[in-house]
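*Asks:* First, the structure itself, so that you have it in front of you.
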Amino acid sequence: MANQLSSHLYDLIYSLSSSERRYFKLYIKNHLGKQNELSVKLFDLIVKNEGKPINKIEEEITFTQHISRLKNYLNDLILKSLEAYHSKTSATIKIRKLITQIEILYNKAHYHQCVSLAKKTLKEIEKIDNQNFKLDVIDWYINALSQTESKNIKITKEKLITLQQETLSKLKLEKEYKKLNSTMFDLAKKLGTLRSVENESMFKEIMDNPFLSDYSIATSFSSRSNYNNIYSIYYTYLGDKKKASYHNKQNLLLFEDYPARKKSNQYNYITQLNNYAVSCAALREYEKADYYYSKIEKIVPNNIQIEVKIFEYTTANKLDLYLSSGELKKALLLVSKTESNLKTYGKRVSALFKTVIYVNLCYLYFVTNNHKKALAYNNLILNNKSVS
């Protein structure tokens, strides 16, 4: 009988993109040994039988007496190959690896090399403006520097201590903005678009926080992003589409200031592209909205999660855009791919987006007089109990 370990391994393998699978095969070639040969055999067996029940596949694992051990080993190998693969494109994974190397150098008493690598890593961190990484590296930097006999050690340490204090201040601010954003998001989700004096006072109470009085108070990527999110949610609730769109655009511009984040934080980047496209559509700036959806479509996803998210945004919201602007011919061109990908991604598509896609397809088929198809999607909407 398939156990939890089996399920996790199968889920991991089936979530790999074709390029990640190719890289794994190349990666494992550099690791010699019988256990690796068996790992490849197990990997190929699982890939080959994708779609079959796990129990049936496991009946074919007759080439080892230590199945659980081999699964654990294969799982670890896949994770290591993914780390190596994504370190080429993800700034965060690359920096984590550099921090590990800094720690190793320090523990080996190679203090000068440790200082040199810490200095280099701080420059890499500036590209994504991550305060947690920065604080970690500064600690190692100061400790390693204290073990050397550098001429400028005192001046360098003073600069690092100042930078450390600035970083701590930014982290405290980030925590406050994140908390405010979470509170605003939960309130908006709870109240929806219900307008009342009581509801507006609850929003106003959040907006009266001193941290939201001036954008200049937000001093890092994270703080500024949360600041803009809060204002976007607030103005959306008030029905001020122009101001909501302005703050969505500001969030998008943040990625232009830190382009390395576009690859290392694809999820957030495509979400901001989508948010701005939606706000453009709300202002009836249809061509501009279409342009930003095309930007989402051009992104090469780092993983299956991003691939599905791109599908959700460019199907549910782009289809909605064409229906809103009356471009039924363009909408109909999306149908075949949309229906195909709904089957391909299956349960990976969130219930909310699945319902939105069903609604749009139902409406599209109805207005183009394909009433049989419209009724089929209407039934799917009614049967989707997870979303009201």
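*Asks:* What tally of residues in the stretch 35-65 results from selecting those that are touching a residue at least 24 places away in the same chain (Cβ under 8 Å), over 29 Å from the mean Cα position of the chain (by Cα) and open to solvent by 90 Å² or more (accessible area, probe 1.4 Å)?
*Replies:* 0
*Asks:* Please report, ordered by residue number, the helices (runs of 4 or more DSSP H) entirely within the stretch 311-370 with at least 1 residues that are touching a residue at least 40 places away in the same chain (Cβ under 8 Å) and within 19 Å of N383 (Cα to Cα).
*Replies:* Values: elements: 318-324, 328-345, 351-367.
In the stretch 311-370, 351-367 are the helices (runs of 4 or more DSSP H) which contain 1 or more residues that are touching a residue at least 40 places away in the same chain (Cβ under 8 Å) and within 19 Å of N383 (Cα to Cα).
*Asks:* Filter the stretch 201-220 down to the residues that are in a helix (DSSP H, G or I) and of a type in the set (S, T, Y), then identify the one that is nearest to the chain's Cα centre (by Cα). Give the steps one after another, and end with the answer.
*Replies:* Step one: list which residues in the stretch 201-220 are in a helix (DSSP H, G or I), which gives 201-207, 210-212, 215-217.
Then keep just the ones that are of a type in the set (S, T, Y); that gives 201, 215-216.
Working: S201: 33, Y215: 25, S216: 27 Å.
Taking the candidates together, the pick is Y215.
*Asks:* Right, Y23: open to solvent by less than 80 Å² (accessible area, probe 1.4 Å), within 24 Å of I304 (Cβ to Cβ), in contact (Cβ under 8 Å) with a residue 40 or more places away in the chain and assigned to a helix (DSSP H, G or I) or not?
*Replies:* Yes: the conditions hold for Y23.
*Asks:* Based on this model, can you work out whether K119 counts as out of contact with any Asp or Glu (no Cβ under 7 Å at 6 or more places or on another chain), open to solvent by 40 Å² or more (accessible area, probe 1.4 Å) and modelled with pLDDT of 95 or more? Before you say what the answer is, go through the steps one by one.
*Replies:* Numbers: out of contact with any Asp or Glu (no Cβ under 7 Å at 6 or more places or on another chain): yes; open to solvent by 40 Å² or more (accessible area, probe 1.4 Å): yes; modelled with pLDDT of 95 or more: yes.
The answer is yes for K119.
*Asks:* Hey, another quick one. Identify, from the list Y291, Y215, Y269, Y286, the residue that is of a type in the set (S, T, Y), under 29 Å from A91 (Cα atoms), at pLDDT 95 or above and buried (at least 16 other Cβ atoms within 10 Å of the Cβ).
*Replies:* Numbers: Y291 fails: buried (at least 16 other Cβ atoms within 10 Å of the Cβ); Y215 fails: buried (at least 16 other Cβ atoms within 10 Å of the Cβ); Y286 fails: under 29 Å from A91 (Cα atoms).
Unique residue meeting the criteria: Y269.
Okay, residues lined up against (1) surrounded by fewer than 13 Cβ atoms within 10 Å (Cβ to Cβ); (2) part of a helix (DSSP H, G or I); (3) of a type outside the set (G, A, S):
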| site | (1), (2), (3) |
| --- | --- |
| I155 | yes, yes, yes |
| E158 | yes, yes, yes |
| I161 | yes, yes, yes |
| E174 | no, yes, yes |
| T183 | no, yes, yes |
| K190 | yes, yes, yes |
| R195 | yes, no, yes |
| N199 | no, yes, yes |
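*Asks:* Separate question: Select from the stretch 66-85 the residues that are under 15 Å from E37 (Cβ atoms) and open to solvent by 60 Å² or more (accessible area, probe 1.4 Å) and list them in ascending order.
*Replies:* H66, R69, Y73
*Asks:* Out of the residues in the stretch 331-387 that are under 26 Å from the mean Cα position of the chain (by Cα) and among the small types (G, A, S), which is modelled with the lowest pLDDT?
*Replies:* Result: S386.
*Asks:* Of the residues in the stretch 303-351, how many are among the hydroxyl-bearing types (S, T, Y), closer than 19 Å to Y291 by Cβ and either surrounded by fewer than 20 Cβ atoms within 10 Å (Cβ to Cβ) or in contact with a strand residue (DSSP E or B) (Cβ under 9 Å, 6 or more places away or on another chain) (or both)? Please lay out each step first, then the result.
*Replies:* Just the residues of the stretch 303-351 that are among the hydroxyl-bearing types (S, T, Y), to begin with: 313-315, 322, 324-325, 336, 338, 340, 344-345, 350.
Retained after the next criterion (residues that are closer than 19 Å to Y291 by Cβ): 313-315, 322, 324-325.
Among the residues that remain, those that are also either surrounded by fewer than 20 Cβ atoms within 10 Å (Cβ to Cβ) or in contact with a strand residue (DSSP E or B) (Cβ under 9 Å, 6 or more places away or on another chain) (or both) are: 324-325.
Adding up the residues that qualify gives 2.
*Asks:* Looking only at the stretch 45-64, which residues are of a type in the set (D, E, K, R) and either outside any helix (DSSP H, G or I) or closer than 30 Å to K94 by Cβ (or both)?
*Replies:* Our first condition is that a residue be of a type in the set (D, E, K, R); within the stretch 45-64, this holds for 48, 50, 52, 56, 58-60.
Those that are of a type in the set (D, E, K, R) and either outside any helix (DSSP H, G or I) or closer than 30 Å to K94 by Cβ (or both): E50, K52, E59, E60.
*Asks:* Given I125, I138, I142, which one is open to solvent by less than 90 Å² (accessible area, probe 1.4 Å), within 22 Å of the chain's Cα centre (by Cα) and within 26 Å of T92 (Cα to Cα)?
*Replies:* Details: I138 fails: within 22 Å of the chain's Cα centre (by Cα); I142 fails: within 22 Å of the chain's Cα centre (by Cα).
The conditions single out I125.
*Asks:* For a quick check of your reading of the model, give me the residue pairs whose first member lies in the stretch 208-236 and is without any contact (Cβ under 8 Å) to a residue 40 or more places away in the chain, whose second is of a type in the set (D, E, K, R) and surrounded by fewer than 20 Cβ atoms within 10 Å (Cβ to Cβ), with beta-carbon atoms closer than 6 Å and at least 6 apart or on different chains.
*Replies:* Listed by first residue and then by second, the contacts come to F211/E176; Y235/K243.
*Asks:* Here's something else I'd like to know. Does I95 satisfy the criteria of being closer than 13 Å to W140 by Cβ, within 27 Å of the chain's Cα centre (by Cα) and surrounded by 14 or more Cβ atoms within 10 Å (Cβ to Cβ)?
*Replies:* Details: closer than 13 Å to W140 by Cβ: yes; within 27 Å of the chain's Cα centre (by Cα): yes; surrounded by 14 or more Cβ atoms within 10 Å (Cβ to Cβ): yes.
When the stated conditions are applied, I95 passes them.
*Asks:* Is it the case that some residue within the stretch 221-229 is basic (K, R), over 15 Å from T271 (Cβ atoms) and under 22 Å from the mean Cα position of the chain (by Cα)? Give the derivation first.
*Replies:* Within the stretch 221-229, the first condition is being basic (K, R), and the residues that meet it are 224.
This time we only want the ones that are over 15 Å from T271 (Cβ atoms), so: 224.
From the residues that got through so far, the ones that are under 22 Å from the mean Cα position of the chain (by Cα) too are 224.
Within the stretch 221-229 (the criterion being basic (K, R), over 15 Å from T271 (Cβ atoms) and under 22 Å from the mean Cα position of the chain (by Cα)), the answer is yes, since at least one residue qualifies.
The values are calculated or read from the model by the stated rules, or taken from the named source; none is laboratory data. The shown structure was predicted, so the numbers you read here are calculated from the model rather than taken from an experiment. Cβ coordinates were reconstructed from backbone atoms using ideal geometry, including for glycine residues, and neighbour counts include every protein chain displayed. Note: areas computed on protein heavy atoms with side chains; ligands, DNA, RNA excluded. Shrake-Rupley method; radii C 1.70, N 1.55, O 1.52, S 1.80 Å.
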